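All remarks here apply to the structure that follows.
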Amino acid sequence: MWCNKLFNKILDKETLENYVDLTYLRKSEIRRIVKLLHDINPGTLVKNIQHRFTLEEIDIILPQIQCSPFRDSIYRVFSSKKDNLLSLEDVLDLCSAFSENCPVDVQASWAFQIF
């Protein structure tokens, strides 16, 4: 069951505020991403906030990327350790770059790296 208590075990208020400040995502979007990652592998983020998810797991929560011809390049660019795995922060960066709130020049910079 998803609730504020469980969310708070994963991200405290200060960390959530930092992610809001450092991304183009709203709190509700960050909460949704955390929930989706939690649902893939319940308890993993509670135990280890730095857990790295497989690309197949990320495909489940981001099917629009799974269908993209640039899938491999997108994941390569956003995998902070270049290990074909993505952490919560990597996924937040990815979602932030594709967010409607992300400025066009920032999106262009990410697109250049992907291509």
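The values are calculated or read from the model by the stated rules, or taken from the named source; none is laboratory data. In this text, all values refer to a predicted model and were calculated from it rather than measured experimentally. No Cβ is skipped: glycine too gets one built from the backbone with ideal geometry, and neighbour counts run over all protein chains shown. Remember, those area values only see protein heavy atoms, side chains included, never the ligands or the DNA or RNA. Shrake-Rupley method; radii C 1.70, N 1.55, O 1.52, S 1.80 Å.
Considering every residue within the stretch 62-72, establish whether at least one is modelled with pLDDT of 95 or more, open to solvent by less than 60 Å² (accessible area, probe 1.4 Å) and more than 12 Å from the chain's Cα centre (by Cα). Looking through the stretch 62-72, at least one residue is modelled with pLDDT of 95 or more, open to solvent by less than 60 Å² (accessible area, probe 1.4 Å) and more than 12 Å from the chain's Cα centre (by Cα). Listed by first and then second residue, the pairs linking a residue in the stretch 91-110 that is outside any helix (DSSP H, G or I) to a residue that is basic (Lys, Arg), with Cβ atoms under 9 Å apart and 6 or more places separating them unless they lie on different chains, are 99/26; 101/26.
When the stretch 36-55 is filtered for residues that are open to solvent by 70 Å² or more (accessible area, probe 1.4 Å) and either touching a His at 6+ places or on another chain (Cβ under 9 Å) or not in a loop (DSSP other than H, G, I, E, B) (or both), the ones remaining, listed by number, are 39, 47. A residue that is out of contact with any Pro (no Cβ under 6 Å at 6 or more places or on another chain) and over 13 Å from residue 92 (Cα atoms) can be found somewhere in the stretch 22-38.
Quick one: is residue 25 crowded, with 16+ Cβ neighbours inside 10 Å, in a loop (DSSP other than H, G, I, E, B), modelled with pLDDT of 95 or more and touching a helix residue (DSSP H, G or I) at 6+ places or on another chain (Cβ under 9 Å)? Yes; evaluated as a whole, the condition is true for this residue.
In the stretch 73-90, the qualifying residues are those that are free of Cβ contacts under 8 Å to residues at least 40 places away in the same chain and open to solvent by less than 30 Å² (accessible area, probe 1.4 Å), and the one that is nearest to the chain's Cα centre (by Cα) is 90.
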